[in-house]
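Reading through the structure tokens given below for one structure.
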Amino acid sequence: MGVLALLATAVATSAASRTPVPVLSDVGLVAVLPAAYWAGPITLSIVFALVLPHAARHRSLLTLLVGCLVISLYSPAVMAANTPRLEVTWRHLGIIDTIIRSGTINPKIDAYFNWPGFFGAGGIVLEATGLSPWTVALWAPIWNMVLWLTALMVLVRGLTTDKRIRWLTLWLFCLGNWFDQDYLSPQAFAFFLHIVLLTLAMTWLGAQPRGRLAAAVEEAGALSGVRRWWVSRTPTDADPRRRTAALFIVVLLGAAMIVSHQLTPFATLVSLTALILIGRCWAPGLPLILSVIVVGWLAYGASAYLAGHPVLFAADPQVTASANLGDRLDGGPGHLVVVAVRLALTTTTWSLAAVGALRRLRSGERDLRPVALALAPVALLPVQSYGGEMLLRVNLFALPFIAFLAAHAFTGRAPRSRRADLGTTVAVSIISVVLASAMLTAKFGNARFDTFTQADIAAGAELYRVAPQDALLLAGSHPTAWRYQEYTRKYTTLQDICRPTDDANECFQKLRARVRHRGNGAALLLSRSNEDSLRLQGLMTPETFERVEGMVRAEPGTQLVYNRAETRIYLIPPKQVRR
């Protein structure tokens with residue numbers, strides 16, 4: 001079985017490396033992967049389903065299968081393009097480069113430098129090891145998934161002794177994680193710390209109430225019963241020294257998280273609070289300690305950011321709903337297919353979790369921790385839109401526990417019969433193949449414009465070479481592979497300057513005004529992927545894009561200095577731009 005898994009993975013990665021780039025399908029990478037690639041996910045799904053009923057005897061094989069699944073599902077874009085995906089990855093490399101070169105952290109540059117923990121640590125690691133930043137960024141999704149899954153395995157060991165549930169949780173986590181937060185980022189680092197903190201809170205700092213809450217309320221009344229039930233808790237770890245050490249580690253890791261990421265500490269706080277309210281954490285003051293550190297960091301460490309952004313939270317339900325859902329339902333037909341698959345995949349995993357939770361309840365399981373921790377991140381939704389990504393992040397924080405509950409939809413407490421095992425095997429095989437297809441569509445659905453080719457990278461490097469010092473750097477849209485050097489220069493895009501309702505002339509007038517306002521001229525990078533990004537997201541039609549480029553080209557003094565592989569660079573002089 002192990003040899004078969006390795007062979008299937010080798011076939012999948014080899015096929016992925018032959019995927020034609022640039023990706024020219026509006027539904028992304030899934031439409032252009034060679035047919036041979038699918039031998040990997042399909043074979044791995046079948047082998048995993050066959051081995052799962054005997055999980056207690058095949059730990060090494062299951063470890064290999066999960067590792068092969070990660071490589072098969074998370075590396076196709078890497079194997080196809082051999083370049084780091086996503087504009088934000090390149091931007092993060094630029095922040096690390098800025099810190100390494102300057103040796104200091106300037107919080108006035110932008111919000112990233114007000115939460116610099118991850119970037120400072122990244123700079124230290126790169127300097128100490130001599131690793132190539134490109135290589136680190138390229139393979140970060142694989143490395144981060146390994147870290148997440150390792151932490152998740154330790155976490156689920158504290159939730160169940162059923163090894164089938166443990167391995168199926170990891171499997172479903174891989175299949176449901178389409179959120180694209182596993183790149184080189186503070187979120188990936190902070191999410192790992194989040195899982196570790198919750199694991200410590202449920203094990204060394206865990207608690208177990210005596211008796212049932214319903215019985216206590218019936219006996220002593222609502223308030224007195226709840227208080228009596230909660231006070232009756234006993235620590236799950238009887239060693240006070242270990243509990244003290246765990247508390248120290250949690251605070252230390254929490255501080256590292258707080259200085260690295262804006263959102264994750266709040267997800268951790270609501271999750272810890274949920275554990276305390278259901279009586280499953282022995283350290284009720286822990287959220288207060290972490291809250292003091294959060295407030296202290298916001299007041300001092302992030303004061304430069306807060307000075308220009310006095311409202312950290314914006315609890316406007318209409319704005320939040322529009323930014324997180326309404327705005328994401330726009331775009332071209334291909335993009336809408338990808339959005340529909342993302343919604344369907346998320347709905348499916350939550351539905352399976354609901355079925356699993358009901359099965360746990362009917363079997364007599366009264367441990368509320370998985371349900372509480374799956375629902376706790378939802379409390380973040382009314383707080384802040386987070387640039388339209390709050391719903392996505394809420395699903396990420398909930399996914400470990402959604403996957404755990406969903407595993408119970410397929411597996412009871414113990415195998416009942418060979419027929420039951422066969423039914424589970426077939427169900428797991430089918431759902432794995434379906435979720436793998438959906439996950440690849442959801443995760444790599446924007447590959448037409450967020451997976452960069454070597455030509456895109458070369459054009460970005462040429463932009464830095466030809467752009468005059470202090471000139472405004474312009475691109476057609478996000479994503480663009482830039483900002484990995486000279487991070488403090490001024491950057492913007494047509495996507496930022498123009499509104500979707502602008503016609504070509506209005507967009508061009510805004511572009512001219514922006515260049516004139518800068519007074520140092522501009523270098524404009526345009527590419528096929530820029531045009532595809534604007535079209536697929538419904539931000540600009542190809543005709544408008546072409547007309548704007550024609551107006552730029554016709555502007556007196558403008559020079560076309562680079563024209564290669566569907567990428568162009570125009571130099572726009574400062575004095576020739578008219579109102």
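We did not get these values from a lab; they are worked out from the coordinates using the rules stated. Model, not experiment: these values are computed from the prediction. No Cβ is skipped: glycine too gets one built from the backbone with ideal geometry, and neighbour counts run over all protein chains shown.
The table for this structure:
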{"read-out": "Region 453-572 - share of DSSP beta bridges that are antiparallel (%, nearest 5)", "value": "60 percent"}
{"read-out": "Antiparallel bridge percentage (DSSP; both residues within the chain; nearest 5)", "value": "65 percent"}
{"read-out": "Computed magnitude of the charge dipole of the chain (debye, nearest 20; Cβ of K, R +1, Cβ of D, E -1)", "value": "1360 debye"}
{"read-out": "Net charge dipole size for region 453-572 [Lys, Arg +1 and Asp, Glu -1 on Cβ; Debye, nearest 20]", "value": "360 debye"}
{"read-out": "Percent of alpha-carbon pairs separated by more than 20 Å within region 207-301", "value": "46 percent"}
{"read-out": "Phi-based couplings in Hz for region 534-539 (Karplus 6.51, -1.76, 1.60; Gly and Pro marked x)", "value": "5, 5, 5, 8, x, 9"}
{"read-out": "Mean Cβ count within 10 Å, highest first, over the residues of peptides 515-523, 297-305", "value": "515-523, 297-305"}
{"read-out": "Rounded Å value of the spacing that divides the Cα centres of region 249-283 and region 6-83", "value": "34 Å"}
{"read-out": "The chain: angle of helix 286-296 to the longest principal axis, Cα-based, in degrees nearest 10", "value": "20 degrees"}
{"read-out": "Separation of the Ala238 and Leu277 label points, Cα + 7 Å toward Cβ, nm", "value": "3.3 nm"}
{"read-out": "Theoretical FRET efficiency, 1/(1+(r/R0)^6), r = Cβ-Cβ of Gln454 and Ser363, R0 56 Å, to 0.05", "value": "0.55"}
{"read-out": "The chain - convex hull of the alpha-carbon atoms, volume per residue in Å³", "value": "165 Å³"}
{"read-out": "Efficiency of FRET between Ala307 and Ala554 - r from beta-carbon atoms, R0 45 angstrom, step 0.05", "value": "0.55"}
